[in-house]
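Report on one structure; see the data block that follows.
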Amino acid sequence: MRAPAPAIKIADLRKTYATADCEIPALDGLSFRIEPGEFVSLLGPSGCGKTTVLRIVAGLTAKTGGIVEVDGVPVTGPQRKIGLVFQVPALMKWRTALENVLLPAEILGLDRAASRGRAHELLDLVGLSEFASRYPRELSGGMQQRVAIARALAHDPAILLLDEPFSALDMMTRNQLNIELLRIWSERRKTSLLVTHSIPEAIFLSDRIVVLGPRPARILEVVTVSLPRPRDPSIRVSLSFMQVVDRIGRLVGLEYI
Amino acid sequence: MVIGSGIARGGLEKRRWPRCTGPNHALDAATAYRGLLPDAYGCFLMPSASLHRVLKLTLTLIVLVGSWEALCRLLQVPAFLIPAPSQVALRLYDKRDLYFMHTWITIYETTAGFLLAVAFGIVSAAIIVVIPKLRDVVMPTLLVAQLVPKVAIAPLLLIWFGYGLFPKIIIAFLVAFFPIVVNGASGLASVQPELLDLGSSLQASRWQTFWKFRVPSALPEIFSGMKIAVTLAIIGAIIGEFVGGNRGLGYLIIVANQELDTALAFAAILLLSVVGIVLYALIEMFERILIPWNAPSEPLTAGGRML
């Protein structure tokens with residue numbers, strides 16, 4: 001009997017951007033896999049091509065070479081089994097929070113009544129049930145990003161791709177939303193790939209962390225986070241947590257000691 | 001603490017009174033993010049602020065018109081040079097039926113030309129944005145057409161379409177068309193790229209992308225274009241009436257000039273301004289009704305504040 005296919009399989013992934021007179025390599029042969037229900041982070045310095053990996057998995061950017069498979073099927077274009085969260089909330093400012101969450105169901109032509117119930121449930125999940133009828137401009141940045149998370153889950157995708165979702169937020173909101181995202185993931189167990197350049201964020205949330213070097217991106221190491229789950233927020237100041245921070249910090253070359 | 005903050009507000013925020021930032025300290029912190037107040041608060045304080053504005057405006061007008069009247073009488077300015085406001089008002093009252101008819105004609109031409117411009121302008125903008133291959137053909141053509149002075153072709157339009165209302169509508173349409181195309185196209189292209197990514201990841205059709213993302217994103221800019229266009233449409237209609245015809249406020253001004261009836265000309269110009277302000281206010285009102293979600297910039301007319 002074959003083992004079940006990984007949720008995401010990436011093998012020798014290459015990407016070069018062609019300009020007028022030369023080719024700029026962005027990804028230089030990445031290989032890793034994500035099992036179903038696993039939370040994996042892509043960590044690396046700014047501009048190293050983390051987002052490119054995510055966009056290739058989402059089918060929004062074409063790869064130059066290598067293999068990318070989702071559920072054992074090669075990625076050839078955008079696919080509906082993926083939910084996306086961007087660096088900016090990207091809410092439609094002409095729609096209320098609830099209507100924003102309903103968008104995927106509308107595009108996919110899902111049953112209206114059922115989607116409404118689901119959308120309310122998701123707003124409840126992200127702690128915004130009281131704000132269902134508010135417009136984005138009436139919500140704080142953190143609240144907007146929560147709506148975006150609810151929207152990404154609206155069509156019940158198997159995989160959640162998060163592209164630096166909290167990097168535009170202040171530190172306190174960011175910590176708060178890390179806790180929220182951990183809780184949401186624990187409740188829904190979506191296979192998740194998070195792009196981030198925050199080491200503590202990656203450790204707190206992930207089962208494994210793929211650490212990338214500067215452009216062109218190569219994998220420096222895949223770090224398994226052995227902190228037990230469920231994780232309490234206080235774990236972030238524990239010694240074992242700090243040891244992982246230290247280890248990854250040395251990997252990416254932070255000279256802070 | 002409450003008293004303290006009250007004193008501080010009374011002292012420091014007094015100058016900002018007309019903008020009525022209101023008692024936001026009383027709001028739930030969660031809803032007060034970004035300094036945005038819920039509508040209920042905005043409405044609550046609105047009447048007094050808008051009354052304040054109306055009062056200021058009225059006083060200014062009274063002073064201006066009063067000094068104009070006084071100067072005319074004091075210096076005994078001949079009425080054919082500059083008529084006193086009272087003379088203008090008298091002429092307006094005496095010939096009210098005549099004015100009503102001519103004003104109505106000008107409103108009709110302006111509105112018809114404007115609506116045509118909106119319809120064709122938005123369709124052209126959509127074509128430019130949605131079919132990139134046509135952009136290279138449509139855009140330069142429009143630009144060349146825009147560079148032709150409309151005043152110069154007005155006499156030609158009269159030759160082609162006669163002296164009725166139609167050529168005036170065409171001129172109003174031609175001058176109002178361009179800002180709507182430019183604003184419409186820029187609005188339709190201004191969708192957040194992340195929304196387009198979201199759309200393609202959900203495999204949205206082009207139709208869905210257009211209606212769910214592009215059109216709503218474009219509405220604020222389309223309304224800006226319409227505000228410019230409506231004021232241009234009036235100018236277009238007047239140009240048409242100047243060049244030829246026997247109806248409309250533009251025609252009335254030409255006749256008044258020929259007869260040195262300056263009071264009549266002044267009255268016509270006054271009515272033209274009123275028409276312009278009313279049409280502009282109507283658009284601001286529609287903007288408020290149709291896109292209440294757009295962060296309300298300070299509306300310029302009462303139409304935008306009626307709701």
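Below 15 Å, Cα to Cα, which aspartates and glutamates can B:LYS227 reach? Residues fewer than 8 away in the same chain don't count.
Within the straight-line cut-off, B:LYS227 pairs with B:GLU284, B:GLU287, B:GLU298.
Taking every DSSP beta bridge that has both residues in the protein assembly as shown, what percent is antiparallel when rounded to the nearest 5?
Just about 50 percent of them are antiparallel.
Which of A:LEU110, A:LEU54, A:LEU160 ends up with the largest GNM mean-square fluctuation for chain A, with Cα atoms connected below 10 Å?
A:LEU110
In whole Hz, what ³J(HN,Hα) sequence does region B:137-144 give by Karplus (6.51, -1.76, 1.60; θ = phi - 60°), x for Gly and Pro?
3J(HN,Hα) across region B:137-144, in whole Hz: 8, 5, 4, x, 4, 4, 5, 4.
Using amide H atoms built 1.01 Å from N in the peptide plane, name the residues 5+ places from A:PHE39, or on other chains, whose amide H lies under 5 Å from its own.
Under 5 Å from the amide H of A:PHE39: A:SER192, A:ASP207, A:ARG208.
How big is the dipole moment of the protein assembly as shown about its Cα centre under a simple scheme where the beta carbon of each Lys and Arg is +1, that of each Asp and Glu is -1, and everything else is neutral? Debye, nearest 20, please.
In debye, rounded to 20, the protein assembly as shown gives about 320.
Within a 10 angstrom radius of the beta carbon, how do A:ASP12, A:ASP207 rank from fewest other beta carbons to most?
So the ranking, lowest neighbour count to highest, is A:ASP12, A:ASP207.
What FRET efficiency comes out for B:LEU143 versus A:GLU23 if R0 is 35 angstrom and r is the Cβ-Cβ distance? Round to the nearest 0.05.
With R0 = 35 Å, the Cβ-Cβ based efficiency is 0.40.
If you rank A:CYS48, A:CYS22, B:CYS72 by fewest surrounding Cβ atoms within 10 Å, what's the result?
Least crowded to most crowded, the residues run A:CYS22, B:CYS72, A:CYS48.
Residue by residue through region B:165-175, which ³J(HN,Hα) values in whole Hz follow from phi under the Karplus form 6.51 cos²θ - 1.76 cosθ + 1.60 (θ = phi - 60°), with glycine and proline marked x?
Rounded to whole hertz, the list is 7, 4, x, 5, 4, 4, 5, 4, 4, 4, 6.
Taking amide H atoms as placed 1.01 Å from N in the peptide plane, list the residues 5 or more away in sequence, or in a different chain, whose amide H sits under 5 Å from that of A:GLY83.
A:ILE159, A:LEU160, A:LEU161
Within 11 Å, Cβ to Cβ, of A:ASP28, how many net charges do the neighbouring residues add up to if Lys/Arg are +1 and Asp/Glu are -1?
+3
Checking the cross-link filter: which aspartates and glutamates have an alpha carbon closer than 13 Å to that of A:LYS81, excluding same-chain neighbours under 8 positions apart?
A:GLU69, A:ASP71, A:ASP156
Rounded to the nearest 20 debye, what is the charge dipole size of region B:82-305 about its Cα centre when +1 sits on each Lys and Arg Cβ and -1 on each Asp and Glu Cβ?
320 debye
Identify, among A:PRO74, B:PRO140, B:GLY225, the residue whose Cα sits farthest towards the positive end of the charge dipole of the protein assembly as shown, taking +1 on the Cβ of Lys and Arg and -1 on the Cβ of Asp and Glu, with the dipole about the Cα centre.
A:PRO74
Between A:ALA168 and B:LEU55, what's the calculated FRET efficiency when r is the beta-carbon distance and R0 is 41 Å? Round to 0.05.
The pair A:ALA168/B:LEU55 has a calculated efficiency of 0.40.
What does DSSP give for chain A in terms of the percent of beta bridges that are antiparallel, rounded to the nearest 5?
Here the share of antiparallel DSSP bridges comes out near 50 percent.
Apply the Karplus parameterisation 6.51 cos²θ - 1.76 cosθ + 1.60, with θ equal to phi minus 60°, to every residue of region A:235-242 and state each ³J(HN,Hα) to the nearest whole Hz, in sequence, with x for glycine and proline.
The phi angles translate into 4, 5, 10, 7, 5, 4, 5, 4 Hz.
Per DSSP H run of at least 4 residues, take -39500 (n - 2.57); add these up for chain A, divide by its residues and hand me the 222 nm value, nearest 500 deg cm²/dmol.
-10500 deg cm²/dmol
If you take every residue apart from B:GLN208 with its C-beta less than 12 Å away from the C-beta of B:GLN208, what net charge results, scoring Lys and Arg +1 and Asp and Glu -1?
Net charge in that neighbourhood comes out at +2.
Check A:ALA217: other-chain or 5+ apart residues with amide H under 5 Å from its amide H, H built from backbone geometry?
When sequence neighbours closer than 5 places are left aside, the close amide H contacts are A:LEU27, A:ASP28.
Filter B:LYS95/B:LYS168; A:LYS15/A:LYS190; A:LYS63/A:LYS93; B:LYS133/B:LYS168 down to the pairs with a C-alpha to C-alpha distance above 29 Å, please.
Correct reply: A:LYS63/A:LYS93; B:LYS133/B:LYS168.
Within a 10 angstrom radius of the beta carbon, how do A:HIS197, B:HIS102, B:HIS52 rank from fewest other beta carbons to most?
So the residues, fewest neighbours to most, are B:HIS52, A:HIS197, B:HIS102.
Just to verify a number: FRET efficiency for B:ALA152 and A:GLU35, C-beta to C-beta distance, R0 = 56 Å, to 0.05?
The formula returns an efficiency of 0.15 here.
Laboratory data are not the source of any read-out in this text; all were calculated from the coordinates shown. This structure is a prediction, so every number in the text was calculated from the model and none was measured. When we count neighbours, we look across all protein chains shown, and the Cβ atoms used for this are built from the backbone with ideal geometry, even at glycine.
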